[in-house]
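Worksheet: one structure, shown below.
What follows is calculated from the coordinates using simple rules that are stated; it is not laboratory data. Computed from a predicted structure; not experimentally measured. FYI the Cβ positions are ideal-geometry reconstructions off the backbone, even for glycines, and counts take in every protein chain you see.
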Amino acid sequence: MQTIELNKVRKCYDQFVAVNDLSFGIEQGRVFGLLGPNGAGKTSTIRMMIGITVPDSGQINLFGKPFARKALNKIGYLPEERGLYKKMKIIDQLVFLGELRGMTNAASRQKAMDWCKRLEIDAWVEKKVEELSKGMQQKIQFIASLLHDPDFIIMDEPFFGLDPVNATLLKDVMLDLKKQGKTILFSTHRMDQVEKLCDSICLINRGTAVLQGDLKTIKSQYGKNNVQIEYEGNGDFLDKNPLVSAYNNYGNYVEVRLAPGADAQQLLRMVADRSRVNKFELMEPSLEEIFINTVGKTDA
Amino acid sequence: MHNTLIIAKREYLERVRQRSFVIMTFFIPLLVIGSSVLPAMLATRGSNTPKHIVVVAAERGTAEAIRSRIEQHQDEDQAASPAPGVDKKRGLPSTHFTVDVSTDLSDAARTGLTQKVSQKQLDGFLWAAPSDISARKLTFVTRDLSSLVDNAVLGQQVSDALRREALKSKGLKEGDIDAALEPVNVEAQSPLGKNAPDPQKMVVATLTMVLVMYMTVLLYGINVMRSILEEKTSRIMEVMLSTATAKEMMAGKILGVGAVGLTQVGIWAAAAGVFAIYGVASTGAMNVVRDVLNPTLLIYFGVFFLLGYILYSTLCAAIGSMVNSEQEAQQMQFLVMMPMILSIVFIVSILQNPNSGIALFGSFFPFTAPLVMFTRIAVQGQAGELWWQIALSIALMIGTIYAMVWLCGRIYRVGILMYGKKPTLPEILKWIKYA
């Protein structure tokens with residue numbers, strides 16, 4: 001069953017087309033990445049999925065049925081704009097949000113405590129939100145979206161502002177939820193952060209889907225025409241080289257996209273002639289690269 | 001509905017638990033009492049030091065008559081009034097005057113006296129030249145031009161004395177003069193007869209209730225706006241919106257804050273009741289409560305308070321959703337609160353003329369109706385032809401509330417997700433049209 005299905009969904013604000021006939025679906029139990037640069041229409045799309053706004057045209061099916069507000073209790077949403085009542089105690093806040101999602105007071109209190117223990121902030125539940133650090137507030141927000149045990153979890157920029165320790169903590173929770181058969185949608189412009197988590201993706205730019213499908217299939221289509229090289233010495237082989245169509249220098253290493261039909265072995269020999277090669281690896285393109293490539297093409 | 005109640009409950013509990021709620025509950029009655037009773041108390045106290053004045057007239061007899069009148073008034077005053085310095089009959093305070101007389105009407109004498117007044121050797125002098133008396137226009141030279149009450153009392157006494165002198169010169173006897181000049185009291189009475197409340201108490205009670213209504217409607221309307229603005233700036237809107245609709249949120253907020261307002265007014269009413277029954281000056285206060293605060297009037301108070309509150313808080317909710325900062329909110333809130341402030345400005349005129357055109361307009365214009373209509377009900381009673389006006393006023397308010405909830409709901413729905421710059425009027429009109 002498809003947890004959610006968008007069919008030619010369109011939303012305009014005035015003259016501006018925020019979402020342009022967008023269609024995609026997410027199979028139950030899959031992790032889906034809704035990717036795109038800032039202002040691509042990701043948040044506008046999500047807002048329609050959860051009924052904050054209504055599409056101008058097109059159809060949205062939730063859990064196999066046309067959109068109905070009743071189904072919203074099975075959705076957990078972490079908005080990009082994080083927000084909590086600053087002066088309210090953590091536990092009261094979580095109970096309130098749980099109650100809003102149809103849980104009883106006692107049940108949401110119990111769940112909230114369980115989650116706070118799991119995310120290691122149970123010592124803070126009696127504190128007010130304004131006394132917490134950004135990272136802790138982020139965790140509370142995360143708990144608030146999972147409290148009612150939703151079947152479909154939507155996370156807008158989930159790792160924004162988290163340190164690596166907490167990011168890993170949350171990532172583990174997400175993987176665990178995936179194991180439980182939950183459907184998860186990530187929306188982000190930081191593709192490197194979700195690349196490893198997603199089963200399938202939809203890349204959108206200016207409200208239009210430019211690339212979508214199974215992540216592995218997409219990557220294999222692009223083939224292994226990328227090379228990561230770690231070297232010491234002269235780097236002038238990168239410029240004006242017919243074998244290199246583009247490169248990205250990260251300082252410690254360089255990522256090279258091969259020109260169409262170029263032989264990687266030839267490049268290796270060329271580099272080895274001039275400098276010490278510590279690493280030379282053929283790899284799949286990163287999502288970011290695919291994205292830049294695709295968006296660049298559509299923009300042109 | 002379920003969501004609305006949860007939101008209202010949160011709003012209510014969070015607010016009632018706040019320290020500011022407790023403080024306001026005590027502070028507002030103090031403010032109301034302070035602003036109505038204190039100035040009156042201060043004004044009636046008069047000054048403690050006697051004022052030394054000189055009465056100058058052509059004939060010693062005239063001057064003496066004026067002096068004895070002023071001094072006699074002071075004696076009556078002390079005999080009649082339980083509180084020193086307050087004239088019970090007129091409710092006017094009096095300052096004690098020490099009066100000297102003089103018959104020197106020369107320019108030099110006038111200059112001398114004027115100088116003495118300037119140099120504070122004298123508090124004032126009354127110049128009663130015969131030509132001035134016949135022109136019925138005397139001059140009282142004093143530094144205390146702003147002592148309106150003192151000067152008015154003095155004027156009354158002087159004019160009384162001169163009237164008596166005139167009658168005496170026509171050969172009337174002292175007793176006849178007293179009888180002729182004895183003032184006649186005209187008591188205003190309602191058609192309800194003796195059962196009607198004492199008009200003075202009624203006006204005081206009405207004004208107090210109107211002030212309480214004004215303050216609570218404004219206070220809680222602004223509270224709704226603030227708390228929406230706070231939700232907007234803390235960006236919790238989207239979390240809420242993923243389960244509750246904008247309409248549920250707005251309704252919950254208005255209900256919750258309104259319940260806090262009712263709780264507060266309830267506490268005041270209960271406290272007033274307890275105070276009236278067990279309080280120190282129990283008899284007087286109890287009379288006010290028994291005479292004026294009849295249950296029907298209290299019900300009207302509740303009805304008009306609620307309607308006024310819902311109307312204003314809906315508007316405030318729309319404003320709260322539109323703006324992005326306190327400063328922006330304050331500019332807008334003043335516009336909205338204008339009709340409320342205007343009703344207070346006109347309330348005295350409406351008390352004077354409860355059936356004037358302005359009073360009628362105020363009763364039917366939904367944004368002034370809560371205060372104006374309630375005032376008229378309190379003053380005129382619910383009898384007679386007023387009932388259809390009450391019905392029309394309430395009907396118009398309910399109709400406007402419906403329209404406002406629809407309109408403001410649409411503004412709110414879009415506004416809460418709009419951050420950044422303040423919307424222009426065309427933009428707001430566009431929001432209303434969005435699906």
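Points worth noting:
- Assigned charges on the beta-carbon of Lys, Arg, Asp, Glu; chain A dipole about Cα centre (debye): 860
- Its convex hull of Cα atoms gives the protein assembly as shown a direction-averaged projected area, equal to a quarter of the hull surface, of 50.3 nm².
- Placing unit charges on the Cβ atoms of the charged side chains and taking the dipole of the protein assembly as shown about its Cα centre, the candidate lying farthest along the positive direction among A:Leu162, A:Leu35, A:Ala209 is A:Ala209.
- Value in Å of the Kirkwood radius, where the range A:12-74 supplies the Cα pairs that are averaged: 13.0
- On the basis of the beta-carbon distance and an R0 of 56 Å, B:Gln121 and B:Leu167 show a calculated FRET efficiency of 0.95.
- The 3J(HN,Hα) values that the Karplus relation (6.51, -1.76, 1.60; θ = phi - 60°) gives for the range B:129-145 are, in residue order, 5, x, 5, 5, 5, 5, 7, 6, 8, 9, 10, 10, 8, 8, 7, 8, 4 Hz. Gly and Pro appear as x.
- A:Asn248-B:Ala109 pseudo-label distance in nm [points 7 Å out on the Cα-to-Cβ vector]: 10.9
- Of A:Lys111/A:Lys216; A:Lys86/A:Lys171; A:Lys182/A:Lys216; A:Lys196/B:Lys9; A:Lys111/B:Lys247, pairs whose Cα-Cα distance is over 32 Å: A:Lys111/A:Lys216; A:Lys196/B:Lys9
- Remark on B:Leu122: its backbone amide H falls under 5 Å from those of B:Val117, a criterion applied only to residues 5 or more positions apart or on other chains, H modelled at 1.01 Å from N.
- The tail of the calculated P(r) for chain A beyond 36 Å holds 29 percent of all Cα-Cα pairs.
- DSSP bridge orientation in chain A - percent antiparallel, rounded to nearest 5: 70
- Based on alpha carbons, the Rg and Dmax found for the range A:224-283 are 10.1, 27 Å.
- Around A:Leu238: net Lys/Arg minus Asp/Glu count, Cβ-Cβ under 12 Å: 0
- Alpha-carbon centroids, the range B:117-138 and the range A:232-286: separation in whole Å: 111
- Highest GNM mean-square fluctuation among A:Ala68, A:Ala123, A:Ala264, for chain A modelled with Cα contacts below 10 Å: A:Ala123.
- Most mobile of A:Gly41, A:Gly33, A:Gly161 in a GNM of chain A (Cα contacts under 10 Å): A:Gly161
- Under a 5 Å amide H cut-off, with hydrogens placed 1.01 Å from N, A:Gln212 pairs with A:Leu203 among residues at least 5 apart or on other chains.
- Placing a label point 7 Å from the Cα of A:Thr217 along the Cα-to-Cβ direction, the residues of the range A:1-34 whose backbone N falls under 19 Å of that point are A:1-8, A:22-34.
- Positive-end residue, the protein assembly as shown charge dipole about Cα centroid, Cβ charges, pick of B:Phe304, A:Leu243, B:Cys408: A:Leu243
- Coordinate range along principal axes, alpha carbons of the range A:157-232, Å, largest first: 40, 34, 26
- A Förster radius of 35 Å combined with the Cβ-Cβ distance from A:Asn293 to B:Leu425 puts the calculated FRET efficiency at roughly 0.20.
- Sorted by Cβ density within 10 Å, fewest first, the residues A:Met103, B:Met338, B:Met1: B:Met1, B:Met338, A:Met103
- Remark: spin-label model distance A:Glu130-B:Met338 equals 3.4 nm, labels positioned 7 Å along the Cα→Cβ axis.
- Relative contact order, percent, chain A [alpha-carbon distance under 8 Å, six or more residues apart]: 21
- Flagged links, alpha-carbon separation over 28 Å, of A:Lys179/A:Lys279; A:Lys11/A:Lys178; A:Lys89/A:Lys117; A:Lys134/A:Lys279: A:Lys179/A:Lys279; A:Lys11/A:Lys178; A:Lys134/A:Lys279
- Backbone HN-Hα couplings from phi across the range A:277-286 [Karplus 6.51/-1.76/1.60, Hz, Gly and Pro as x]: 9, 8, 8, 9, 10, 7, 8, 6, x, 6
- Mean separation of Cα contacts under 8 Å, 6 or more apart, over the residue count of the range A:224-283: relative contact order %: 52
- Between A:Asp236 and A:Gln28, the simple spin-label model (points 7 angstrom out along Cα→Cβ) gives 6.3 nm.
- Candidates per chymotrypsin sites (Phe, Trp or Tyr not before Pro) in the range A:164-272, loop by DSSP, up to 13 other Cβ within 10 Å: A:Tyr250
- A Cβ-based charge dipole, computed about the Cα centre of the protein assembly as shown with Lys and Arg at +1 and Asp and Glu at -1, lands at about 1100 debye.
- For B:Ala129, no residue has an amide H sitting under 5 Å from its own, ignoring neighbours fewer than 5 places away on the same chain, with H placed 1.01 Å from N.
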